[in-house]
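Below is one structure, written out as structure tokens; the observations come after it.
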Amino acid sequence: MNLAALRRIERVDPARPDVVVGSVAATTPDEAARMVDAADGARHRWAATALDERVGLLIAAADRVLAQQDVLGLLLSRELGKVRADAEGEIGFAHAFVGHCARTAPGALAERQLDVGRGRLAVTALPYGAVAAITPWNAPIILTTLKVAPALLAGNTVVVKPSPLVPLAVSSYLAELAAELPHGVLSVANGGAEVGRAVVRHPAVRRVAFTGGGVAARALQSDLADGLVPSVLELGGNDPAIVLDDADLSDEAIERLVLGSFLTTGQVCMAAKRLYVHHSRLDELVERYLAVAATALVLGDPQGPETTVGPLASPTQRNHVLALLDDARRRGAGVVELGTVAEPDLVAGGWFVRPSLVLGLDDAAPLVAEEQFGPVVPLLAFRDVDEVVRRANASPFGLAASVWSTDEERAFALGRRLECGTVFVNAHNRGGMHLRAPFGGVKQSGFGRELGDGAVADWVQTRVIHRPPAAPARQYPTQGEP
Ligand code: NAD
């Protein structure tokens with residue numbers, strides 16, 4: 001028996017499942033625990049390292065990664081089936097985010113002296129210490145960076161546990177980031193849930209940032225309960241896109257709507273997953289949508305230059321989407337295939353699903369009520385705004401939503417009625433993101449935020465150092481003014 005092979009995680013190409021892309025060494029739970037020991041051992045020195053030096057190390061590492069954008073993007077594209085330009089785009093976004101964190105870190109971490117008259121009061125930033133980042137497979141470089149960059153800049157040491165579905169690109173990426181960092185400051189533990197558990201249950205872990213699904217999140221929360229370890233949870237979504245009666249249905253606007261659902265083959269937490277369209281524009285929208293999708297959605301080889309939709313990341317994911325489509329057909333829904341198929345032979349052999357628009361379902365159908373996480377989107381008609389607000393909000397999820405209207409004030413007013421973490425206007429999905437905007441969900445889409453101007457500040461706790469003026473010890477303070 002080849003014992004070495006047993007301890008490797010192998011990844012095949014989702015477009016060509018008989019081709020092995022590569023493998024990484026699997027971390028055992030004991031090894032993962034030792035990584036946390038090392039992170040704990042490194043935390044004092046790293047926290048005491050001057051911020052300028054931490055920034056310099058991270059920026060230099062991010063620059064080195066950017067110089068390898070094509071190689072790393074290709075690897076990610078091959079192991080995940082992600083369209084190559086999108087995979088490379090992850091690396092560009094990650095680089096930009098490291099820069100954003102570097103710019104905001106001095107303000108976030110600066111000691112503030114409050115003017116309290118006769119006393120002296122300083123608010124200082126205290127890093128958590130050794131922290132864990134648990135990440136999913138669908139946007140792995142970005143979702144890792146959203147945790148690692150601000151955590152490290154804030155003075156924490158990090159153990160990352162990536163998804164076993166994308167170990168190759170994330171491991172290479174983290175190896176480059178860690179190359180010039182002291183031992184223990186940044187480590188990667190490759191494996192499944194048992195390795196993740198070994199990391200987060202370690203008593204030295206002081207905060208966990210998790211992105212993934214609800215089942216794992218619930219297990220994680222019970223593991224963290226013992227040590228009262230705080231966490232940020234970025235979970236799934238079932239985002240409504242609301243097309244009002246005055247929406248712009250030009251080619252350019254419709255392409256944004258279409259790609260808002262189908263980028264990364266629909267495997268995006270903040271994809272538009274339910275399209276609510278005002279009944280007066282329904283026929284026009286369907287016609288325009290099919291026409292634009294015919295050129296915008298090209299299903300094929302993720303490394304092909306024309307391809308915009310690749311395969312799904314795993315057979316499990318593919319079967320889940322196909323089961324939802326079967327259920328929709330049994331309910332009498334119309335399934336309209338979208339776009340074109342560039343390479344029918346390749347598509348027949350890989351984990352592909354033809355992009356589809358699904359008509360005629362009601363809100364209770366699983367394809368509408370659940371997170372489908374694939375290239376299918378249901379289209380639903382509505383008659384008035386109160387009705388659509390009620391239906392959009394009637395979900396256990398609350399990650400993002402979008403409003404499509406030519407009247408910006410109207411769109412923002414409707415946005416204020418939606419129960420979610422982000423409302424895009426005339427956009428949906430990554431095109432609506434901004435480095436300065438905090439991102440995260442409400443309800444079962446999670447809690448806490450990543451991204452945005454507060455990203456670094458979220459990775460420290462305040463520590464107050466206060467010398468009050470001489471006063472009777474039993475007296476309550478009554479003065480807030482300096
Ligand atoms: P998942 O929940 O199965 O796994 C996520 C990570 O958690 C993986 O690394 C996995 O190995 C690990 N894990 C599983 N059980 C664990 C446990 N008990 N303890 C510690 N770690 C554990 O999710 P997935 O299938 O990789 O990703 C898809 C999900 O992620 C979707 O629901 C999607 O919506 C969500 N997602 C959310 C966001 C967001 O920002 N809100 C972004 C991307 C993906």
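Assorted remarks:
- Calculated FRET efficiency for the pair Arg120/Asp226, C-beta based, R₀ 35 Å, to 0.05: 0.35
- Judged by the mean number of other Cβ atoms found within 10 Å, the most tightly packed of the peptides 206-217, 162-173, 133-144 leads the ranking 133-144, 162-173, 206-217.
- Förster radius 56 Å - calculated FRET efficiency between Asp251 and Thr28, Cβ distance, rounded to 0.05: 0.55
- Taking every protein chain into account, the accessible area of the chain amounts to 43 square angstrom per residue (probe 1.4 Å).
- A protection proxy built from the mean count of other Cβ atoms within 10 Å ranks the segments 425-435, 326-336, most packed first, as 425-435, 326-336.
- Model label sites at Glu287 and Glu306, defined 7 Å from Cα along the beta-carbon direction, differ in position by 2.7 nm.
- When a 1.4 Å probe is rolled over the protein heavy atoms, the share of accessible surface on the stretch 70-123 that falls to carbon and sulfur comes to 55 percent.
- In the assembled protein chains, Ser23 presents an accessible area of approximately 50 Å² (probe radius 1.4 Å).
- Annotation: extensible slack from Glu111 through Thr478 equals 129.7 nm (criterion: 0.36 nm per residue apart, minus Cα-Cα distance).
- Of all accessible heavy-atom area on the stretch 396-482, the percent that carbon and sulfur account for (1.4 Å): 54
- Accessible surface of Thr295 - all protein chains present, 1.4 Å probe, nearest 10 Å²: 110
- Heavy-atom SASA rank of Cys420, Cys101 (probe 1.4 Å, accessible area, largest first): Cys420, Cys101
- Difference of contour (0.36 nm per residue) and Cα-Cα distance, Asp363 to Ala342: 4.3 nm
- Largest accessible area first, the listed residues Lys147, Lys443 line up as Lys443, Lys147 when surface is computed with a 1.4 Å probe on the assembled protein chains.
- Proximal aspartates and glutamates to Lys161, defined as alpha-carbon separation beneath 19 angstrom and excluding residues fewer than eight positions away on the same chain: Glu10, Asp30, Glu31, Asp37, Asp40, Glu79, Glu90, Glu176, Glu194, Asp223, Glu234, Glu450
- Cα centroid separation - the stretch 227-302 against the stretch 53-83, whole Å: 28
- Peptides 370-382, 85-97, 468-480 ordered by average Cβ neighbours within 10 Å, highest first: 370-382, 85-97, 468-480
- Relative to the dominant Cα principal axis of the chain, helix 282-296 is inclined by about 80°.
- In Å², nearest 10: area of Asp52 left accessible to a 1.4 Å probe: 130
- Cβ-based net charge around Gly129, under 11 Å, with every Lys or Arg adding one and every Asp or Glu removing one: +2
- Bridge orientation summary for the chain: considering DSSP beta bridges with both residues in this region, about 40 percent are antiparallel.
The values are calculated or read from the model by the stated rules, or taken from the named source; none is laboratory data. Computed from a predicted structure; not experimentally measured. FYI the Cβ positions are ideal-geometry reconstructions off the backbone, even for glycines, and counts take in every protein chain you see. These accessible areas exclude ligands, DNA and RNA; they are computed on the full protein's heavy atoms, side chains included. Shrake-Rupley method; radii C 1.70, N 1.55, O 1.52, S 1.80 Å.
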